[in-house]
Amino acid sequence: MPKPRLVAFYLPQFHPIAENDAWWGKGFTEWTNVTKARPLFEGHYQPHLPTDFGFYDLRLRQTRRDQISVARQFGVDAFCYHYYWFSGQRLLSQPIDDMLADPQSDMPFCLCWANENWTRKWDGAEQEILIDQKYRPEDDLGFIQSVLPFLSDPRYLKIDGAPLLIVYRPQSLPDSRNTTRFWREYCRSQGMARIHLCAALIRGNTKYAELGFDSGVEFPPHNLRSGNVNHEIHFTEPFWGHAMHYDGIARSFLQRANPAHNVFMTVFPS
């Protein structure tokens, strides 16, 4: 049995962009939210402040190279970069563009299209859309053209020779079977025999094949089946959400029987 490959999802939000400056304030990055975190109950470990790399900036090439070195040291085989594409407008793309142009970033990688609307949910105003997914008729072509340079890179992660492309919200595609068919045909027209399309299993989605995908990938805590334990906790600050025992979440995912064989298991550490 082949050794499993460990792929770390990679959030490229740790650098400033003009759009976030306009929406959230000058210099906003994911570090802004990290440092705002406060303990909500006794023993709650917050905030999670950085150690070895400090408050790194993903615009710096050396940051990525250092991350690759440490990831390899601890057994990570590849990175999966979240890819933000909105009908031709890309956001948070500088780190992955620089990675593509940097041969010293010697780490296998793949992409996950984060195809959801950006809203003001961090302010509690989720109904206010900052930038949305329009799913225009021309977007099937526009999207696959935008990722083709990445899929064609020799470092790109493959399954049985086919580049792996993940879609975060496959059920949001207006006609997912037609879209996936078009992507496969277009890649073939560009000399790429096959691509492997993987659906994130979120918001109740479990039947990736019905959506036209080759596989699914778990996305804990989405599709969680165990209940919350809010009643067991004395919160020291107002809390709106669901608190759960980590070991209960882990057992829930380990014990479930996936009806399809091509489901990749995911660990949500911390």
Residue under evaluation residue 45, criteria (1) outside any strand (DSSP E or B); (2) under 30 Å from residue 230 (Cβ atoms); (3) touching a Lys or Arg at 6+ places or on another chain (Cβ under 8 Å), criterion not met: (3)
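Working only within region 141-177, note down all residues that are among the polar types (S, T, N, Q), out of contact with any Leu (no Cβ under 8 Å at 6 or more places or on another chain) and within 29 Å of residue 221 (Cα to Cα).
Once the filter is applied, which keeps residues that are among the polar types (S, T, N, Q), out of contact with any Leu (no Cβ under 8 Å at 6 or more places or on another chain) and within 29 Å of residue 221 (Cα to Cα), region 141-177 yields only 172.
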Restricting region 153-189 to residues that are out of contact with any His (no Cβ under 9 Å at 6 or more places or on another chain) and hydroxyl-bearing (Ser, Thr, Tyr), the residue that is farthest from residue 201 (Cα to Cα): 189
Residue 210 vs. criteria charged (D, E, K, R) and surrounded by 15 or more Cβ atoms within 10 Å (Cβ to Cβ): no
Residues that are farther than 16 Å from residue 20 by Cβ, touching a strand residue (DSSP E or B) at 6+ places or on another chain (Cβ under 8 Å) and assigned to a helix (DSSP H, G or I), drawn from region 77-99: 96, 99
Where a residue in region 42-54 is among the hydrophobic types (A, V, I, L, M, F, W, C) and its partner, wherever it lies, is surrounded by 10 or more Cβ atoms within 10 Å (Cβ to Cβ), with Cβ under 7 Å and at least six apart: 53/63; 53/66
Residue identified as in a loop (DSSP other than H, G, I, E, B), touching a residue at least 24 places away in the same chain (Cβ under 8 Å) and touching a Pro at 6+ places or on another chain (Cβ under 7 Å) among 266, 206: 266
Lone qualifier among 71, 22 - being in contact (Cβ under 8 Å) with a residue 60 or more places away in the chain, more than 28 Å from residue 238 (Cα to Cα) and either aliphatic (A, V, I, L, M) or in a helix (DSSP H, G or I) (or both): 71
Residue within region 67-84 that is under 27 Å from residue 2 (Cβ atoms), among the aromatic types (Phe, Trp, Tyr) and surrounded by fewer than 18 Cβ atoms within 10 Å (Cβ to Cβ) present: yes
Filtered residues of region 1-33 (kept if closer than 20 Å to residue 108 by Cβ and under 19 Å from the mean Cα position of the chain (by Cα)): 5, 6, 7, 8, 9, 10, 11, 12
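The numbers here are math on the coordinates, done by the rules we state, and not lab data. Predicted model only: the values in this text are computed from it and were never measured. Backbone-built Cβ (ideal geometry, glycine too); neighbour counts: all protein chains shown.
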